[in-house]
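This report refers to the structure that appears directly beneath it.
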Amino acid sequence: MFSLQGQKALVVGVANDQSIAWGCAKAFREQGAELAITYLNEKAERHVRPLAEELGASIIMPLDVSVPGELERVFGEIGSRWGRLDTLLHSIAFCPREDLHGRVVDCSAAGFAQAMDVSVHSFLRMIRLAEPMMPEGGTCMTVSFYGSEKVVDNYNIMGPVKSALESVVRYAAAELGGKHISVHALSPGPLMTRAASGIDHFDELLNAAAERAPTHMLASIEDVGAYAAFLASREAANVTGGVHLIDGGYSIVG
């Protein structure tokens, strides 16, 4: 059995106990990793801090990637407290509501830029800061969705954004493989998370996905967490650059 005993893991994106990031944080901790967990702002802190404390997180800090300096402060604290990082999980995405709910061809330049910055470029910035803290190798993960490669009703501009994120995973994996740093995208099927609740008719998508999947079950945050924990382990060190489907077979059915 794999173990994360002694590892240091940063988890970005916990909003509540339904978050994919929370499922991953729990799995990392259960396998022995020490955690750093971030929350978006003061409003989010009251939901996230009790969860982080439940897992005994050593570092609990605010992180809004659109605020200059906050990301650097988080990594500065990790550097001074731990001196290294083994695992990074990036599970954040954002698009202004008016652009998310509109047609792709009508997306504003400002909305597109903001969606790409928060959802994609922030992952690159995190990897860049993590790289020198992983001298003996490590794992960087982000979260995608099937709408990156197929048109999913009402997913709209987030489809192209997630497609860009998956491309970033491949290029980063190629560039960092020689340093034994693996890069992955976790791609669960539809899950009822806070982020997903902003998508129009998402309940209908959940029901259709459960019916369509060969297992007739939606993925859970625990499913995603278990897979992420394996990818963070030394046993998965020679796996990199992939988009890992965790969806009950949803994506294989036409």
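Of note:
- Whichever residue in the stretch 122-131 is of a type outside the set (Gly, Ala, Ser) and more than 14 Å from residue 177 (Cβ to Cβ) and, among such residues, is surrounded by the fewest Cβ atoms within 10 Å (Cβ to Cβ): 128
- Looking across 7, 18, one residue alone is among the polar types (S, T, N, Q), in contact (Cβ under 8 Å) with a residue 40 or more places away in the chain, more than 17 Å from residue 139 (Cα to Cα) and in contact with a helix residue (DSSP H, G or I) (Cβ under 8 Å, 6 or more places away or on another chain). It is 18.
- Residue within the stretch 94-105 that is under 20 Å from residue 187 (Cβ atoms), at pLDDT below 95, within 17 Å of the chain's Cα centre (by Cα) and in a loop (DSSP other than H, G, I, E, B) present: no
- Listing of strands (runs of 3 or more DSSP E) fully contained in the stretch 1-90 that carry 2 or more residues being crowded, with 23+ Cβ neighbours inside 10 Å and in contact with a Pro (Cβ under 8 Å, 6 or more places away or on another chain): 34-39
- Subset of the stretch 201-254 that is part of a loop (DSSP other than H, G, I, E, B) and of a type in the set (Val, Ile, Thr) - its residue that is nearest to residue 174 (Cα to Cα): 240
- When the stretch 145-186 is filtered for residues that are part of a loop (DSSP other than H, G, I, E, B), modelled with pLDDT under 95 and crowded, with 17+ Cβ neighbours inside 10 Å, the ones remaining, listed by number, are 145, 152, 155.
- Residue count for the stretch 203-238 satisfying the condition of being under 13 Å from residue 186 (Cα atoms), modelled with pLDDT of 90 or more and among the hydrophobic types (A, V, I, L, M, F, W, C): 8.
- Per the conditions (1) surrounded by 19 or more Cβ atoms within 10 Å (Cβ to Cβ); (2) free of Cβ contacts under 8 Å to residues at least 24 places away in the same chain, the sole criterion not satisfied by residue 134 is (2).
- Cβ pairs under 7 Å, 6+ apart, first in the stretch 234-254 and at positive phi, second crowded, with 18+ Cβ neighbours inside 10 Å: 241/169; 241/173; 241/183; 248/189; 248/213; 248/218; 248/219; 249/213
The values are calculated or read from the model by the stated rules, or taken from the named source; none is laboratory data. Since this is a predicted model, take the numbers as computed values, not measurements. Backbone-built Cβ (ideal geometry, glycine too); neighbour counts: all protein chains shown.
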